[in-house]
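S.K.: To start, I am sharing the structure in question, which I have written as structure tokens.
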Amino acid sequence: MKCKSCKKPAVYLNPTLCKNHFLSYIEKKVFGTISKYKLLKPSDKIIIAASGGKDSLTLLNILSKKFKVNCIAVDEGIDNYRESTLKTLKAFCRKRKIPLKIVSFKKEFGGKLDAFIFPKQKPCAVCGTLRRYLMNKHSKKFDKICTGHNLDDESQSVLMNLIKPNTSLNARGGPITGLSSVEGFTQKIKPLYFLKEKEIMTYAFLNNLLDEYIECPNAVLSYRAKVRDLLNDYEEKHSGTKKNIIEFFLRNKPKISRNILQEEIHRCKKCGEPSKGEVCSACIIVGK
Ligand code: SF4
Ligand code: ZN
């Protein structure tokens, strides 16, 4: 197959592009999302929430071309996984002179992730809450937290929240969250929102951003993994399914967000961080 722009051998199909045209297609798509959804202003102080996986390295690689970025990572203490991704992340940040801060469950909560999981409880639910808490807590002096969520992640989230059902969680969806006006929350943006996982994987490997793909050993246990497999299967048979879900969601997001923004946000009486109840979810988990 030949690149549709220059006739060199293609490295990617749909769209059929050679290496150079594929890389610039991806970067244009990301900067296009930033500009269309007004994700960033030139004066914004931004911090990238990174893990050292393909998504966050792609995000760091692209954003650092045009913006001054800082980086934050959370070490949950997951054996046979986190140490390796953090090593890749540290090397990347050192090479690009990007300031990196690593916060750990052990230091912040007194134990690794496993210490907070009850028997039969799914690790991701606990981990996600504690990770989001730390990211927010340590990003206060920044205007925006950028995350590496992609089209696959976001279409899975929409479907998961519909099936559960958990409509209020859908307010976190979309390329930008609506919580900038709430004191104590740093606004989150997702510049990779319209990129497919496969596009990101290809971009990361073509740029030598990582040597191997490692998945968290807990991921297979999650509810998300089931929805992911279901959606991948459906996408293969009906191409465009994930994009259709996202587009449907974005058309309806204003209604969903209006409801969630009316919820009152308090200060957690234990740690002082923003919380929907008297005590925040992180303090409830750690307290148990
Ligand atoms: Fe945490 Fe689950 Fe992500 Fe692993 S897959 S880092 S347990 S949220
Ligand atoms: Zn708290």
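The values are calculated or read from the model by the stated rules, or taken from the named source; none is laboratory data. Nothing here was measured: the structure is a model prediction, and the numbers come from that model. As a convention, Cβ positions derive from the backbone with ideal geometry for all residues, glycine included, and neighbour counts pool all protein chains shown. These accessible areas exclude ligands, DNA and RNA; they are computed on the full protein's heavy atoms, side chains included. Shrake-Rupley method; radii C 1.70, N 1.55, O 1.52, S 1.80 Å.
S.K.: Which residue fluctuates the most in the chain, going by a Gaussian network model with Cα springs under 10 Å, if the choices are K101, K242, K270?
M.R.: Greatest mean-square fluctuation among the candidates belongs to K270.
S.K.: Continuing with the same structure: I'd like the orientation of helix 223-237 relative to the chain: the angle between its Cα long axis and the longest Cα principal axis, in ° from 0 to 90, rounded to 10.
M.R.: 20 degrees
S.K.: Then there is this: Quick check for you: with a 1.4 Å probe and neighbouring chains kept, what is the accessible area per residue of the chain, in Å²? Can you show the working numbers first?
M.R.: On the way: 15760 Å² over 288 residues.
So the chain comes to 55 Å² accessible per residue, rounded to a whole number.
S.K.: DSSP beta bridges in the chain, what fraction antiparallel, as a percent rounded to 5? All intermediate terms of the calculation are to be shown ahead of the outcome.
M.R.: Values: 5 of 21 bridges.
Around 25 percent antiparallel, to the nearest 5.
S.K.: Let me know the Kirkwood hydrodynamic radius for region 91-145, please, with Cα pairs as the basis and the value in Å to one decimal. Present the calculation step by step, with values, prior to reporting the outcome.
M.R.: Numbers: mean 1/r = 0.0761 Å⁻¹.
It is 13.1 Å.
S.K.: I'm checking a number: the convex hull volume of the Cα atoms of region 181-243, normalised per residue, in Å³. What is it? Write out the running numbers ahead of the final one.
M.R.: Numbers: hull volume 10.6 nm³, N = 63.
Each residue corresponds to 168 Å³ of Cα convex hull volume.
S.K.: Just order 122-128, 271-277 by mean Cβ neighbour count inside 10 Å, highest at the front, would you? Each step should come with its number before you reach the end.
M.R.: Details: 122-128: 17.9, 271-277: 15.1.
Ranked by mean Cβ neighbours within 10 Å, highest first: 122-128, 271-277.
S.K.: Run through all the Cα pairs of region 1-127 and give the fraction in each 10 Å bin from 0, expressed as whole percent.
M.R.: It works out to 11, 30, 28, 22, 8, 1, in whole percents.
S.K.: Here's another thing I want to ask about it. Assuming R0 = 41 Å, can you tell me the calculated FRET efficiency for the pair K45 and K122, based on Cβ-Cβ distance, to the nearest 0.05?
M.R.: Working: r = 35 Å, r/R0 = 0.85.
Efficiency, rounded to the nearest 0.05: 0.75.
S.K.: If packing is taken as the average number of other Cβ atoms within 10 Å across a peptide's residues, how do 149-158, 219-228 rank, most packed first?
M.R.: In decreasing order of mean packing, 149-158, 219-228 become 149-158, 219-228.
S.K.: Can you give me the Rg/Rh ratio for region 85-222, using Cα atoms for both radii and the Kirkwood formula for Rh? Write out the running numbers ahead of the final one.
M.R.: Details: Rg = 16.3 Å, Rh = 17.2 Å.
The Rg/Rh ratio comes out at 0.95.
S.K.: Express in whole angstrom the spacing between the alpha-carbon centres of region 42-63 and region 97-132.
M.R.: With region 42-63 and region 97-132 each reduced to a Cα centre, they are spaced 20 Å.
S.K.: For D143 and K68, calculate 0.36 nm times their separation in residues minus their Cα-Cα distance, and state this gained length in nm to one decimal. Before the final figure, lay out the partial values.
M.R.: Values: separation 75, 0.36 × 75 = 27.00 nm, distance 1.26 nm.
Between D143 and K68, full extension yields an extra 25.7 nm.
S.K.: Continuing with this model, one more query. Report, to the nearest 10°, how far helix 54-63 tilts away from the longest principal axis of the Cα atoms in the chain, using its own Cα long axis and a range of 0 to 90°.
M.R.: 80 degrees
S.K.: While we're on this one: Rounded to whole Å and sorted largest first, what semi-axes of the equivalent ellipsoid does the C-alpha gyration tensor of the chain yield via the square root of 5 times each eigenvalue? Could you put the intermediate results ahead of the total?
M.R.: Working: eigenvalues 184, 98, 82 Å².
One finds semi-axes of 30, 22, 20 Å for the chain.
S.K.: Let me ask something additional. Going through the cross-link list K38/K112; K141/K190; K122/K198; K164/K276; K45/K242, which pairs have a Cα-Cα distance over 29 Å in this structure? Mind dumping the intermediate values first?
M.R.: On the way: K38/K112 37 Å; K141/K190 19 Å; K122/K198 27 Å; K164/K276 20 Å; K45/K242 32 Å.
Cα-Cα > 29 Å for K38/K112; K45/K242; rest within.
S.K.: Here's another thing I want to ask about it. What are the aspartates and glutamates whose alpha-carbon lies under 17 Å from the alpha-carbon of K107, with same-chain residues fewer than 8 places away excluded?
M.R.: Within the straight-line cut-off, K107 pairs with D75, E76, D79, E83.
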